[in-house]
Structures are given as structure tokens and as C-alpha cells.
1. Could you grab the pairs with beta carbons closer than 8 Å, sequence gap of 6+ or different chains, first residue in the range 38-60 and exposed (fewer than 13 other Cβ atoms within 10 Å of the Cβ), second one outside any helix (DSSP H, G or I) and of a type outside the set (Phe, Trp, Tyr)?
2. Going through Glu22, Glu55, Glu59 one at a time, which residue ends up being acidic (Asp, Glu), within 16 Å of Arg71 (Cβ to Cβ) and out of contact with any Pro (no Cβ under 6 Å at 6 or more places or on another chain)?
3. Counting just the residues of the range 1-21 that are of a type in the set (Val, Ile, Thr) and either under 20 Å from Pro77 (Cα atoms) or within 13 Å of the chain's Cα centre (by Cα) (or both), which one comes out modelled with the highest pLDDT?
Amino acid sequence: MPVMDTGIDALRRAKTILGGTEAAIAAVVGVTQPAVNYVFNTSKKVPAEWCIPLERATEAKGQKIGRQQFRPDIYPPEDHADHVRARHGERRCAALRPQQRARAVRT
């Protein structure tokens, strides 16, 4: 059985980029430092609501970590829409999220 990437490694990289402290991550995502510590030590996944703020904060520091790296289970790779369109046609593309659909239709 393949090992599922939980995004905790991406969270560790974000911690380094944002100053090396759990408090820095807490400030970005709007939680307390103990909540960040809980995710690092006992949680299986990065909370979904943290992904976009972390992506923006790391991008602002010049070392963007994409939301796909924090939660690959809910944010497919950037080229996913192109893959779906090529394999299943435009009808299947209609089920994609709006930003993916726009990218798939442009091509």
C-alpha cells in the first residue's frame, strides 16, 4: 500500500521559511501555537483551511509552497485539469473546480 503524503513535511518547510517557529505559523493561519504543535505532533493532516494562507505567506517570502503540497488529497496538481480533459473530454471538465475548468478550457 502506498504511503500517503500528509503535507506535514511541507508544513515543516513552511515553518523554516516563515521564521522557524510554530508561533509564526500560528499567526499566519489564525490559531494558537499549541494548535500548530498539535498538528505537528499528533495530527495526520494539515487542516485544509491552513493551506491557502500558508501558500500566500510562503509566496510573500519568495519561497512558495503550493497548497497541493500541504493537502494533495484535496488540491490536485496544477496540470490535473489538462489531464482530465485529455482523458475524459470537456464534459468531465465541467465537474472540476472553477479555476481548473478555466485553465482546461483555455487550451
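The values are calculated or read from the model by the stated rules, or taken from the named source; none is laboratory data. Only a predicted model underlies this, so the values are computations on that prediction, with no experimental measurement involved. So basically every Cβ, Gly included, is an ideal-geometry build from the backbone, and we count neighbours across all protein chains shown.
1. Short answer, once both residue conditions are applied: Lys44/Thr6.
2. Numbers: Glu22 fails: within 16 Å of Arg71 (Cβ to Cβ); Glu59 fails: within 16 Å of Arg71 (Cβ to Cβ).
That would be Glu55, the only listed residue that is acidic (Asp, Glu), within 16 Å of Arg71 (Cβ to Cβ) and out of contact with any Pro (no Cβ under 6 Å at 6 or more places or on another chain).
3. We begin by selecting, within the range 1-21, every residue of a type in the set (Val, Ile, Thr); these are 3, 6, 8, 16-17, 21.
Checking the rest, the ones that are also either under 20 Å from Pro77 (Cα atoms) or within 13 Å of the chain's Cα centre (by Cα) (or both) come to 3, 6, 8.
On the way: Val3: 49, Thr6: 71, Ile8: 93.
Among residues in the range 1-21 that are of a type in the set (Val, Ile, Thr) and either under 20 Å from Pro77 (Cα atoms) or within 13 Å of the chain's Cα centre (by Cα) (or both), the one modelled with the highest pLDDT is Ile8.
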